[in-house]
Amino acid sequence: MEPDNFDSKEEKKLKNKAKEMVSKLTEETKTDFNPRQEIADQKHEEGPHSKIPRVWDPQEVDFLVNNRKNLSNKEMKDFLEGESEFHKHKKELKDFSNTEEKFIRQNSPNLSKEEIANKLNKKEKVVSLKLKLMGLNPV
């Protein structure tokens with residue numbers, strides 16, 4: 001038996017063994033994609049019982065700092081779990097322009113929430129949350 005033949009036979013055996021192992025691994029790890037299950041898993045991962053740490057938005061931090069002493073236990077619990085009024089209107093809170101924020105700062109001592117909301121064409125609830133976020137108390 002020549003050494004070259006031995007090496008090529010051994011090489012073939014090793015290649016076949018490697019192919020078998022790879023195909024076995026891919027069969028073991030193969031799963032069917034189920035979109036509904038994927039959505040359910042994602043909701044569970046993002047929910048209040050998630051093991052993934054939550055990243056705080058700077059607006060959330062400001063809101064908590066400005067209102068921590070005024071929130072009831074239930075309001076605080078809802079806020080920390082991401083289920084508060086603040087979180088429901090979060091997108092609308094980001095829609096305020098710099099000019100609108102300046103208007104709120106300048107006029108909050110003189111105007112009510114309702115009057116500010118009417119002038120800015122915004123919902124009163126959103127203006128109220130924006131005032132809390134900014135640490136302002138309207139008339």
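The values are calculated or read from the model by the stated rules, or taken from the named source; none is laboratory data. Being a predicted model, the structure only gives us computed values, none of them experimental. Cβ sites come from the backbone with ideal geometry, for glycine too, and all protein chains shown count toward neighbours.
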Identify, please: which residue in region 114-139 is at pLDDT 90 or above and exposed (fewer than 14 other Cβ atoms within 10 Å of the Cβ) and is, among those, nearest to His87 (Cα to Cα)?
Lys123
Do you know which residues across region 57-71 are among the polar types (S, T, N, Q) and closer than 15 Å to Asn137 by Cα?
Asn66, Asn67, Asn70
Give the residues of region 63-82 that are within 17 Å of the chain's Cα centre (by Cα) and in contact (Cβ under 8 Å) with a residue 24 or more places away in the chain, sorted by residue number.
Phe63, Glu81, Gly82
When region 72-101 is examined, which residues are found to be exposed (fewer than 11 other Cβ atoms within 10 Å of the Cβ) and in a helix (DSSP H, G or I)?
Asn73, Lys74, Lys91, Lys94, Asn98, Thr99
